[in-house]
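Report on the structure given below.
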Amino acid sequence: MARIYALLLRIYPRAFRERFGEELLFAFTSDWNETKRSGITAAIRLLTLSAADVIANGLRERRSNRWYSPRAERDAFMPAFLSDLKFGLRLMLRTPQLTAIAVCTLALGIGLSVSLYSVAHQALVSPLPFRDESRVVMMYEHAPQTGTIRGNVAPANFLDWRERSTAFSHMGALRPLSATVIAAGGEAVRADGRLVLGDAFQALGLDPLHGRLFAADDEQPGRDVVILSHRFWQARFAADPAIVGRSIMVDERPRTVIAVLKPVLRVPGGPPGFDEVFVPWILTAQQRQGRMSHISEAVARVKPGVTLVQAQADIARVAEGIASEHPQSNKGESVLLVPLREVLVGDVRPALIVLVAAVSLVLLIACVNVASLLLARATTRRQEMHVRVALGAGRTRLLRQLLAESLLLACAAGAVGLVVAFWCVAILRTILPGDLATTFDPRLDWPVAAGALAISIVTAVVSSLAPAWFVAKRAAASAVREGRGANQPSATPRRILVTVQVAMAVVLLAGAGLLTRSFVKLTSVDSGIRPEHLLTFAVELPRSRYEGPRQWQPFFERLATELRSIPGVTGAAGTSGLPLNENGGSVGFLAEGQPPPADNDDTYVIYRLVTPGYFDTIGMPLLGGRDFSSNDRIDGVRVVIVNERLARRYWPGQNAVGKRVAFTRQPKPGDWSTIVGVVGDTHHSSLAEPIDIQLYVPYMQEPDWYPPGQIVVRTIGEPTAIVSAVRQRVRSIDPLIPISDFQTMEALIGKSVAAPRFTLVLIGALGLSALVLSVIGIYGLLAFSVAMRTREIGVRSALGAGTRTITAMVLSEGLRLASVGIVAGVVIALAAVRWLKTMLFEVQPYDPPTFGAVAILLLAVAAIACYAPARRAARIDPLTALRTD
Amino acid sequence: MFFVNIFRRNIRPGDFGSVTAMEFEILLSLAGGDLHGYAIIQEIGERSNGALTVRPGTLYRAISRLLDAGLIEEVDGRGTEDDERRRYYSMTKAGRQAAAIESQRLARQVETARARKLLKSKI
């Protein structure tokens, strides 16, 4: 009965209870002992009255606010919590190793995720530096039947689209341009830029910082105007706002600067980040009619209130009309609208999503690890918890103490994690693939970083509080009954955590393994050239003095002679576009004797101008026929050299040399060119893409294309050693020609695999982190388990269990966990790897060797992690073990 | 209820010379000498010839208020026949004053009641 009364006393505020509880109980029991002898009625009466008395007074006391005034509560809580924090800090410092491991583990997870979330958010979510970017679309020519998509459009098609479509407020075309600009100070510099047709700036949403954008009448001949990019204006004209209205020399022709653009990191297509000057594009009569030469990019702004689907339908209708009017050139051709963001970051989106998923896994593993560590520590702290409970601490009080500790840990980890995040972003900056790096500037995005940090800290608190709660509950429940070491704490929660950890590590490592294999395959693809000992650079011939092949020829012949005379140089030649560089356009193409191409996507061929000796210099094998010579002039027989893929496709089993090709679909007798040689295949844009059909033309026979200004030089020694000699020789021929873009061919190839390397490096790093964390997890669990079982192991060995038996026992405990984790991980990975599919090159997602290797690796690493605790267990001296406790 | 609460929190026993009936009973008991809680209950019961039964919950609430107001204080137990841990309460000087004031007030009331023929003889 006294116990029930004691329970009822809980109605009183605790402080009251602590002060008078015993007295109340004494008074009641005294009454009770007296009354219960005098019959059941009296007893019931006493009980009822006592209960009513306690309830009424207890409630009144509670309501009286004498014990629980809000202010008193607040005043009491903060100092108490502060002292909790102080105690937590002392505890952390008392076990520095454990604290350091926990903080570093969490900091690693937090740092990695904060930085990657930040970068991914910038790339995928935050607005690009274009006004209303969601309405900006790039326009591609598209043949729905064959699936061909061409980034470049023919000017005549563009003019029709602009005239006939209704869904767009602005439309413009851009064509790459290289110009020589005389900067402030009189220095001739090479500038990359665009020829601008129509409202390209308005469509993109690029505003001028100073001045005005191009207007329609700027496209008249004689209106020599130019717009400068912000970067170029700063670098070359000292950010002088007075430049607007002044005249500068562009390609040896005075042009009035009408505007400086606001800063923008990249304009889609073209050389990333380096757009410097913009001049109006004045179409020639031929270009106005041209539907076969796809030479410009088109961009449009969808009208407000018009959806992308409606705009797409509108432009498809227009394209259908054009196709019926010009069936030879446009049959089956439509237009595809692609949102700007898709163009800029579409390639890396899958990679970023995979990375975000991977980094979340690592954060989770880190949290699991910390949870597991703290669970171990909390288990050893049950004695302390018991003492606290015995001294009157309730479960909430215990949890508050543990919460303070978790919060301390999480905040410390968050602070260190932020530092890690800064480093990670700095590293990301250097390994980000070129396209992405120039689209935005990777940095810690503060709102996102803060959000990610908050989530991380919450995760950390939860993961460290969960075990604490678990233990506190048990401590409170069993405080009275349990003595020290009476029964062993259950390790099941930790076992589950470690298994989960191993499984997640398997998933990450499987991804990393697949990407590694893919990358190895990719980099072992034959580039078709001999990239070692090759230096490349670009020269820009001013159009005014180098109008066409007649002016080009003396320059390039002299250049080749001069370069070859540099000691250590074995060859030098030029091309209009280097392989693996996406340089070089495509043209319509017809092979003699073949049925006229209907809707065949291969009617376009990669088209490059080269100087004699190019194939030998760059290391492309001549498989048949001859190289070009200086006799292949504009007045001679038109000749071409094709690549092996083209020869095989159109003349399988025959010799292609002597066959003829034309660059129009309805050739007249004079339009044919004769194939004089066949060379090996090279990749046009990247090693991962299939080989295109390619065709080379002697530069002296092509007046309408870009001059072969991309120069390759083969050296005996280190290619970069001759850079200054090269500059000197070029200057000796024409001091006004700008030279730029010195780089080795190997570096150029490296750039083409930058995106897969980026993903690989990151996933690899994440996989490695996961591996290390799970090893720590397994090791920690076993070491702890051995320590807790010292007595049991001592008994076993006293009863005759040998060293080997005990080692095997501990090892098998660890390996069993690892195996379960590995099996679970493989199952999860098999389900998850399909997300990687688009990023793999010639490797199946379900690649047995990769999965096998990952499983074996983890098992081996787990065995190593188990070995040390197993040895320690085996060395336990039975006497010492039994004397503990 | 709300207003009652406000006042109850602010008014302590002895303020305005007021103590409740329960508090006065306790003070009366302690006026005869130091007692522990249960003894107070018994003393009150004896004084009223069993007419007044005090329950511990009510008693200790009043004791706690009196302690807070400084009208009574805890003193060491005698440690002879009773359990040594028993807490004894003793009336303070302020308690004695408050009890005196309350007694005078009650006496005045009793005089008035008698004058108005509400009370015939001495209790």
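A few remarks follow.
- Chain A: Lys pairs at Cα distance under 25 angstrom, eight or more positions apart or on different chains: 7
- Shielding by partners for peptide B:41-53, expressed as the average number of C-beta atoms from other protein chains within 10 Å of each residue's C-beta, is 1.
- Average other protein chain Cβ within 10 Å of Cβ, residues B:60-68: 5
- B:Val19 long-range amide H proximity, modeled H, under 5 Å: B:Gly14
- Computed packing ranks the peptides A:811-824, B:56-69 as B:56-69, A:811-824, most packed first, by mean other Cβ atoms within 10 Å.
- Pair A:Ser324, A:Tyr867: separation of 7 Å Cα→Cβ label points (nm): 7.9 nm
- Derived scalar couplings ³J(HN,Hα) [the stretch A:806-818; Karplus, 6.51 cos²θ - 1.76 cosθ + 1.60; whole Hz; x for Gly, Pro]: 5, 4, 4, 4, 5, 4, 5, 4, x, 5, 5, 4, 4
- Estimated FRET transfer efficiency (A:Arg63, B:Arg116; beta-carbon r; R0 41 Å; 0.05): 0.65
- Chain lengthening between A:Ala798 and A:Arg429 when straightened (0.36 nm per residue, less Cα-Cα): 126.8 nm
- Burial order of peptide ranges A:626-635, A:704-713 (average beta-carbon count within 10 Å, highest first): A:704-713, A:626-635
- A:Arg131-A:Arg317 FRET efficiency (beta carbon distance; Förster radius 35 Å; 0.05 resolution): 0.80
- Positive dipole terminus of chain A, leading residue within A:Ser527, A:Pro13, A:Gly814 (C-beta point charges): A:Pro13
- About its Cα centre, the dipole of the protein assembly as shown is roughly 5180 debye, where the only charges are +1 on Lys and Arg Cβ and -1 on Asp and Glu Cβ.
- Extending 7 Å from Cα along the Cβ direction at A:Ala415 and again at A:Ile733 yields two label points whose distance is 6.3 nm.
- Structural descriptor for the stretch B:17-115: relative contact order 33 percent, calculated from alpha carbon pairs under 8 angstrom and at least 6 residues apart.
- Working ranking of peptides A:411-421, A:279-289 by packing, defined as the average number of other Cβ atoms within 10 Å per residue, highest first, is A:411-421, A:279-289.
- A:Leu578 long-range amide H proximity, modeled H, under 5 Å: A:Asn583
- Calculated from backbone phi, Karplus (6.51, -1.76, 1.60) coupling profile of the stretch A:246-260 in Hz, x at Gly/Pro: 8, 10, 10, 8, 10, 6, 6, 9, x, 9, 7, 6, 9, 6, 10
- Of A:Leu374, A:Ile739, A:Val196, farthest towards positive along the dipole that unit charges on Lys, Arg, Asp, Glu beta carbons give the protein assembly as shown: A:Leu374
- The helix-only estimate of mean residue ellipticity at 222 nm for chain A, built from DSSP H runs of length n ≥ 4 each weighted as -39500 (n - 2.57), is -17500 deg cm²/dmol after division by the residue total.
- Estimated FRET transfer efficiency (A:Ala52, B:Arg105; beta-carbon r; R0 30 Å; 0.05): 0.50
- 17 Å cut-off, amide nitrogen to a point 7 angstrom out along A:Ser724 Cα→Cβ, residues in the stretch A:533-566: A:566
- Taken about its Cα centre, the stretch A:314-380 carries a charge dipole of roughly 520 debye when the Cβ of each Lys and Arg holds +1 and the Cβ of each Asp and Glu holds -1.
- Backbone HN-Hα couplings from phi across the stretch A:870-881 [Karplus 6.51/-1.76/1.60, Hz, Gly and Pro as x]: 5, 4, 4, 4, 5, 8, 4, 7, x, 5, 4, 4
- Dipole of the stretch B:17-115 [Lys/Arg +1, Asp/Glu -1 at C-beta], most positive-end residue of B:Val110, B:Ala100, B:Ile26: B:Val110
- Cα centre as origin, Lys/Arg/Asp/Glu Cβ charges: the stretch B:17-115 dipole, Debye: 420 debye
Every number here is computed from the coordinates shown, using simple stated rules; none is lab data. Keep in mind that this is a model prediction, so the values were computed, not measured. Don't worry about glycine lacking a Cβ; one is built from the backbone with ideal geometry, like all the others, and counts go over all protein chains shown.
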